[in-house]
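Where a number appears in this text, it was derived from the coordinates with a stated rule and is not lab data. Owing to the predicted nature of the structure, the values given are computational and were not obtained by experimental measurement. Every residue, glycine among them, receives a Cβ derived from its backbone with ideal geometry; neighbour counts consider all protein chains shown.
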Amino acid sequence: MQVFGEDDAPHGHMHLRFDNARVPKSNTLLGVGRGFEISQVRLGPGRIHHCMRSIGAAEKALELMVRRGINREAFGKPLASLGKNTEVIAKARIEIEAMRLMVLRAAKAMDTLGNQEARVWVSAVKAMVPIRACAIIDDAIQIHGATGVSHWTPLARMYASQRTLRIADGPDEVHWHVVGRAEINRYANDSAPAIVKTTEAKFGGQFSGPS
């Protein structure tokens, strides 16, 4: 299976073909027709794990961006001093710290509220983190110039991975819908304020938003 024109097997995606495959009834998990339910149990923690790795990728991209910016010169100045590159670097650091705090909040919600009740926070980070990590990697590619899309840096592979993650485990649109629907329900449903207060109480007043 090719992803962004590159062979992604065996570590990534691949074609699978089953010929005359039969699964014994005794191997059924939970029950017939409950496959989606089983997948959802794994998807919550899995999505948080993806976001954790995305933050690591963004951190590496920022490191490469800064090192390139201070060691490469153009017009007699380091690249980091040209144009808005200092601002780009600053924004990347701020975005990474914001992503890290959001993922910590989602993980805490899962630990405290459980997988089902934390789904809004999980969707929030899954919608937010890959997009922002991808943008940071893109900025790192830009400051490297043609080197950034070559085999001389890991940035091209990192970009392809993060862009793919915006589809894997549910596309962006699904997660935007989950978060938006929960926010709308806070005001459309009379019971929503009580739910919010209960959630905040469980987190010692430091947690706000829909449960």
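Details
- When only Cα pairs below 8 angstrom with a gap of at least 6 residues are kept, region 1-114 shows a relative contact order of 17 percent.
- Extension gain from ALA135 to VAL32, taking 0.36 nm per residue of separation minus the Cα-Cα distance: 32.9 nm
- Lys pairs under 24 Å by Cα in the chain, provided they are eight or more residues apart or on distinct chains: 10
- Loop-resident trypsin sites (Lys or Arg not before Pro) (DSSP state other than H, G, I, E or B) in region 56-122 with no more than 10 further Cβ atoms inside 10 Å of their Cβ: LYS84.
- Anisotropy class of the chain from Cα gyration tensor, a/c 1.5 cut: oblate
- 0 to 90° range, to nearest 10: angle between helix 85-113 axis and the chain longest Cα axis: 20 degrees
- For VAL3, nonlocal amide neighbours, meaning residues 5 or more places apart or on other chains whose placed amide H falls under 5 Å from its own, are ASP8.
- GNM flexibility winner over the chain from TRP121, TRP176, TRP152 (Cα, springs under 10 Å): TRP152
- For region 54-63, 3J(HN,Hα) per residue [Karplus equation, 6.51 cos²θ - 1.76 cosθ + 1.60, θ = phi - 60°, Hz, x = Gly/Pro]: 5, 5, x, 5, 5, 4, 5, 4, 5, 4
- Cα centroid of region 95-110 to Cα centroid of region 13-63, whole Å: 21 Å
- Helix 172-188 axis versus longest C-alpha principal axis of the chain: approximately 60°, rounded to the nearest ten.
- The chain, relative contact order in percent, only Cα pairs under 8 angstrom and at least six apart counted: 19 percent
- Along region 116-126 the Karplus relation, 6.51 cos²θ - 1.76 cosθ + 1.60 evaluated at θ = phi - 60°, assigns HN-Hα couplings of 5, 6, 8, 4, 5, 5, 5, 5, 4, 6, 5 Hz to successive residues, with x for each Gly and Pro.
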